[in-house]
């Protein structure tokens, strides 16, 4: 369960996030949708605690991301945008490194790493060094290491960027699996169709503010647009006009 | 503690597999110093031998006009060879570098000597050519000596003490001991060790911030449930291990190179046996932490890997500054200097190589102050690793 309450964040004079609030409940997939530069990544970075909000607060399963950031990090698995691997380590070693850092019991690390490698279908290249991996392979390994400690909350920043159709589909299946397991999944995207296909709740962000949020049907209703793309555009315009 | 060890061992594994790190830690650093040193020493040995012992060839035109002079020159280890055919040929040969110096003795030389008219000889040389200049100087000195000898003989023949011609007798005495002379040349070696040591950890230091960031692995790493202090400590200590390996290798390669250098010919007997190698290793060990944290600190301010490399090459030179200043001012080891890292190690190392008794207090101050600086910089690194700006 992720709760975001009116967070603000500026970089110099640029106000990246201006009072974003939303909830991402367990057992649901919440999509953060918005054009490039809307403040999606900044919001997520605050949630996985690499940035601190200027104002407002956010909690992960009750742990505040500022005052109790270590506990908050314990409860999340994060896939930052453009996450990179260690090229001289094999995929398995990359995942095991994170497993050890997350404090998984030493005796169980091996089993746990094998399990997640099987789950993400990366056995085939698990023991190759990651130098020269394709974007799809890299994303899968990054995801494996983010999920290795079995976090309750999963934060994915534009995970389908640079993936081909097959890889996108297998990632989608995985996200649905996480949902079925009762996890809270929060992911960002600027691709309309992807969010529509996957998410239970959508939070549309533009200009660092929440334009509209709720279920897909709810958004259609409130914007008066049947087509989700039109709904998206009109929601963004609503913010722009302010 | 587990986080620290996990990061530490991962960094070791990662970098052992990285050819670039290995090259700079285990090959570049350790080899650069000794090779450079061997080159410089060989050069000075060549010069030293040239000046004193080796014979030089002197092309002479008109040898037959001055047989006594020829014998005198030969007695000074100058081999007389046949020169060009005439004066024009002599000038030409010196100009185009065929000969460095040519002596021309005119036909009337003997006659003028006998008549006590200053007898004329011509010495062709090219002052712009430094090697030729050396040969010309030697020929000139020999001719001058002959001149004096003749003058002395003439005075004796007239019943005058030839000593009248030498109001002053200059006798140069070099008081440097063989070990002391070595220290002068070996003074630069302490820098080679520091250089090798820094080279060993350079890529790891860059990787801690700029490298991880450029690869995109920094953000996921920071989103893990670990404290950043442990991450950076693991990384800095992994760098220290590579630096220690680099230092040890460079000490050993120096030890081997010195064995094969004909240093006795230069009158140098450096005290650089295995016990000194070991002592130097432990003396420089505290500098490793300082170097690792300094490089990590500098790299953390840079935006990219390339920029980090540029700035770190400045850091590679920085430890020479105190050494350079003290060498220029030729200051003796003072207790205040022992507070300054790199300088203190340099001064103590020079004393060791000179085979002078070690000052325990100096060593203690050097070790403590260097460790203190290292700890301070490490702490600053850990603080800086917490800022948001780290993400670039």
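None of the figures in this text is laboratory data; all of them are computed from the coordinates on show. The model shown is predicted, which means the values in this text are computed figures rather than measured ones. Here the Cβ positions follow ideal geometry from the backbone for every residue, glycine too, while neighbour counts run over all protein chains shown.
Taking chain A as the reference, fit the longest principal axis to its C-alpha atoms, fit the long axis of helix A:106-119 to the helix C-alpha atoms, and give the angle between the two in degrees, 0 to 90, nearest 10. For A:106-119 against chain A, the angle is about 60 degrees. Residue-normalised convex hull volume from the C-alpha trace of segment B:350-390: 59 Å³ per residue.
Treating each Cα of segment B:228-285 as an identical point scatterer and ignoring solvent, apply the Debye formula and state log10 I(q)/I(0) at q = 0.14, 0.22, 0.23 Å⁻¹. With one equal scatterer per Cα and no solvent, log10 I(q)/I(0) is -0.52, -0.86, -0.90. When each of the peptides A:167-179, B:149-161 is scored by how many other beta carbons lie within 10 Å of its residues on average, the order from highest to lowest is A:167-179, B:149-161.
Annotation for residue B:168 and residue B:39: the two label points, set 7 Å from Cα along the Cα-Cβ direction, are 4.1 nm apart. Extension gain, residue B:55 to residue B:128, is 24.0 nm, computed as 0.36 nm per intervening residue step minus the present C-alpha separation. Taking N as the residue count of the protein assembly as shown, its C-alpha radius of gyration divided by 2.2 N^0.38 Å amounts to 1.51. Evaluated on segment B:284-392, the Kirkwood hydrodynamic radius is 15.2 Å, with distances taken between all distinct Cα atoms. Seen from all directions on average, segment A:171-211 presents a Cα convex hull projection of 3.2 nm². Angle, helix B:2-16 long axis vs. longest principal axis of chain B, Cα atoms, 0 to 90°, nearest 10? So the inclination is approximately 40 degrees. Averaged over the residues of peptide A:74-80, the number of Cβ atoms from other protein chains lying within 10 Å of each residue's Cβ is 4. In whole angstrom, chain B maps to an equivalent ellipsoid with semi-axes of 63, 24, 16, each derived as √(5λ) from the alpha carbon gyration tensor and ordered largest first. Each Cα pair of segment B:55-165 feeds into the Kirkwood radius, which the Stokes-Einstein equation turns, at 37 °C and 0.692 mPa s, into a diffusion coefficient of 223 µm²/s.
With the simple model of a label 7 Å out from the Cα in the direction of the Cβ, residue A:114 to residue B:108 spans 10.8 nm.
Partner shielding of B:13-24 amounts to 2, given as the average count of beta-carbon atoms from other chains within 10 Å of each residue beta-carbon. In plain terms, the chain from residue B:92 to residue B:149 could stretch by 17.3 nm, reckoned as 0.36 nm per residue minus the Cα-Cα distance.
Under the definition of Cα pairs under 8 Å and six or more residues apart, what whole-number percent is the relative contact order of chain B? 21 percent.
Max-minus-min Cα coordinates of chain A on each principal axis give 55, 40, 33 Å, with the largest extent listed first.
Calculate how steeply helix A:228-241 sits against the longest principal axis of the alpha-carbon atoms of chain A, using the helix alpha-carbon long axis, and give the answer as 0 to 90 degrees to the nearest 10. Helix A:228-241 sits roughly 60 degrees off the main axis of chain A.
If you take every DSSP beta bridge whose two residues both sit in segment B:55-165, what share of them, in percent to the nearest 5, is antiparallel?
Beta bridges within segment B:55-165, antiparallel portion: roughly 35 percent.
Among beta bridges from DSSP that stay inside chain B, the antiparallel ones total about 35%.
Computed over segment A:84-150, relative contact order equals 52 percent, with contacts defined as Cα pairs under 8 Å that lie 6+ residues apart. Per-residue ellipticity at 222 nm computed for the protein assembly as shown from its helices equals -17500 deg cm²/dmol, with DSSP H segments shorter than 4 residues left out and the rest contributing -39,500 (n - 2.57). Give me the distance between the Cα centres of segment A:192-242 and segment B:105-141, rounded to whole Å. About 102 Å separates the Cα centre of segment A:192-242 from the one of segment B:105-141.
Calculated FRET efficiency, residue B:383 to residue B:321, Cβ-Cβ distance, R0 = 35 Å: about 0.85 to the nearest 0.05. Peptides B:307-319, B:279-291 ranked from most to least packed give B:279-291, B:307-319, packing being the mean of other C-beta atoms within 10 angstrom over each peptide's residues. For chain A, averaging the sequence separation of C-alpha pairs within contact (under 8 Å, six or more residues apart) and dividing by the residue count gives a relative contact order of 27 percent. In this simple spin-label model, placing a label point 7 Å from the Cα along the Cα-to-Cβ direction at both residue A:134 and residue A:217 gives a separation of 3.9 nm.
Here is the P(r) of segment A:84-150: all C-alpha pair distances, binned every 10 Å from 0, give 25, 60, 15, 0 in whole percents.
Taking the DSSP beta bridges in the protein assembly as shown as the whole, what percent of them are antiparallel, to the nearest 5?
50 percent
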